[in-house]
Amino acid sequence: MSRRITGATIVAGVAGQPVRHSLSPLIHNAWLDAAGIDGAYVPFAPPADAFQKFAEGLRGGAVRGLNITLPFKEAALSVADRSTGRADAAEAANLLIFEPEGEIIADNTDGVGLLAAFAAQAPAFQPTAGPVVILGAGGAARGAAAALKAAGAPQIRIVNRTLAKAEFVAGALGTAAFAYSLDQARRALEGATAVINATSAGISNGGRLEIPLWSTPKEAVVMDMIYTPLLTEFLQEARALGRQTVDGLGMLVGQARPSFEAFYGRAPPDDVDVRALAVEALEARR
Ligand code: NDP
């Protein structure tokens, strides 16, 4: 039976610009349906230069919380009164909670999502087993690096087009973090247990990432945060080399779980396959 909106419906959503292709409404509303929760999860597309005004207007909890996507993750952190350690480490928030008393709290569940994706799709991967390579030095890369460091990765190698940004991220992580330019990628990949694409290269017209994946050990796991398409060129190349792969949809679903719990006060139900629904939606777009 489909849900009805009532006077007591708990509203949450996702804010991005653009937001119309977000899969988060599909995922959260499927969980709400299955759990029979009086809630709704809706998209918001505030003007790109007006996120702060938009978020300030939600103080007081008329909307319980928001997931935040591009390009607002840094702005979301700066609008908050309080933030979690993982949001601070990523210098970006993918989750805002609007407390009834007016406070805005920023969190970042992308790192949880990343580790959940590895646990689901490459269960033998152990973050503690060896060096992990992260391609990119933006918010997603910073969040991944912080989560992997917290999970015990002994060494983190940041590879980025702009070396100075990689150096900054590696410096902020502290010891056992190293920075490389794209030209130095081959050296970074040597002995890596996992390689994670956290750049936006490859996303629609974002350019192609030339990374010598063949120089990774054959046991290395290759992950792409991009999930449009689900099997990116980067992952196709990894598979052709016989490497195990993890896709970005696993991360999206993984970051949505703790978000749902923060909005609606309970864990999402297990009896609905939101990944299958999302794959269906991605295929319908092709
Ligand atoms: P940012 O814009 O903060 O960072 C983008 C990064 O990509 C920078 O390091 C940039 O390098 C690099 N980059 C962009 N274009 C190219 C290119 N043509 N060649 C090489 N490097 C390039 O983005 P985010 O960190 O927020 O997000 C990164 C990606 O992760 C996005 O595709 C996003 O959709 C995805 N993501 C997926 C999630 C999921 O749940 N699956 C969650 C969060 C993010 P430079 O510094 O040189 O500009």
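Of the residues that make up region 65-73, is at least one more than 16 Å from the ligand (Cβ to nearest atom), out of contact with any Gly (no Cβ under 6 Å at 6 or more places or on another chain) and within 22 Å of E103 (Cα to Cα)? Yes, because at least one residue in region 65-73 is more than 16 Å from the ligand (Cβ to nearest atom), out of contact with any Gly (no Cβ under 6 Å at 6 or more places or on another chain) and within 22 Å of E103 (Cα to Cα). For T193, the test of being near the ligand (Cβ under 10 Å from one of its atoms) and either within 23 Å of A75 (Cβ to Cβ) or in contact with a helix residue (DSSP H, G or I) (Cβ under 9 Å, 6 or more places away or on another chain) (or both) is failed. For region 59-89, taking the residues that are in a loop (DSSP other than H, G, I, E, B) and of a type in the set (V, I, T), the one that is surrounded by the fewest Cβ atoms within 10 Å (Cβ to Cβ) is identified as T84.
From R257, R243, which residue is surrounded by 15 or more Cβ atoms within 10 Å (Cβ to Cβ), among the basic types (K, R) and under 26 Å from I27 (Cβ atoms)?
Within the list R257, R243, the selection yields R257.
Restricted to region 127-170, and to residues there that are of a type in the set (V, I, T) and part of a helix (DSSP H, G or I), the residue that is surrounded by the most Cβ atoms within 10 Å (Cβ to Cβ) is V169.
When we screen T232, T228 for residues that are of a type in the set (S, T, N, Q), touching an Asp or Glu at 6+ places or on another chain (Cβ under 9 Å) and either outside the structural domain of L23 (by TED's automatic domain parsing) or more than 14 Å from the ligand (Cβ to nearest atom) (or both), the only hit is T232. For region 92-106, the set of residues classified as within 16 Å of the ligand (Cβ to nearest atom) and assigned to a loop (DSSP other than H, G, I, E, B) consists of A92, A93, N94, listed by residue number.
When you look at R142, is it within 9 Å of the ligand (Cβ to nearest atom), basic (K, R), in contact with a helix residue (DSSP H, G or I) (Cβ under 6 Å, 6 or more places away or on another chain) and not assigned by TED's automatic domain parsing to the domain that holds A76, yes or no? Yes: the conditions hold for R142. Screening region 116-126 for residues that are among the small types (G, A, S) and over 24 Å from L95 (Cβ atoms) and picking the one that is surrounded by the most Cβ atoms within 10 Å (Cβ to Cβ) gives A122. Only one of the numbered conditions (1) farther than 24 Å from V42 by Cβ; (2) within 15 Å of the ligand (Cβ to nearest atom); (3) in contact with a Phe, Trp or Tyr (Cβ under 6 Å, 6 or more places away or on another chain) is not met by F125, and that is (2). Give me the residue from region 1-18 that is among the hydrophobic types (A, V, I, L, M, F, W, C) and crowded, with 20+ Cβ neighbours inside 10 Å and, out of that set, farthest from A256 (Cα to Cα). Step by step, filter region 1-18, then rank; the result is A15. Kindly evaluate I27 against the criterion of being within 16 Å of the ligand (Cβ to nearest atom), in contact with a strand residue (DSSP E or B) (Cβ under 6 Å, 6 or more places away or on another chain), on the phi < 0 side of the Ramachandran plot and among the hydrophobic types (A, V, I, L, M, F, W, C). No, not satisfied. Applying the criterion of being among the small types (G, A, S) and surrounded by fewer than 16 Cβ atoms within 10 Å (Cβ to Cβ) to the residues of region 20-42, the residue that is farthest from the chain's Cα centre (by Cα) is G36.
The values are calculated or read from the model by the stated rules, or taken from the named source; none is laboratory data. Only a predicted model underlies this, so the values are computations on that prediction, with no experimental measurement involved. Positions of Cβ are backbone-derived with ideal geometry, glycine not excepted, and every protein chain shown enters the neighbour counts.
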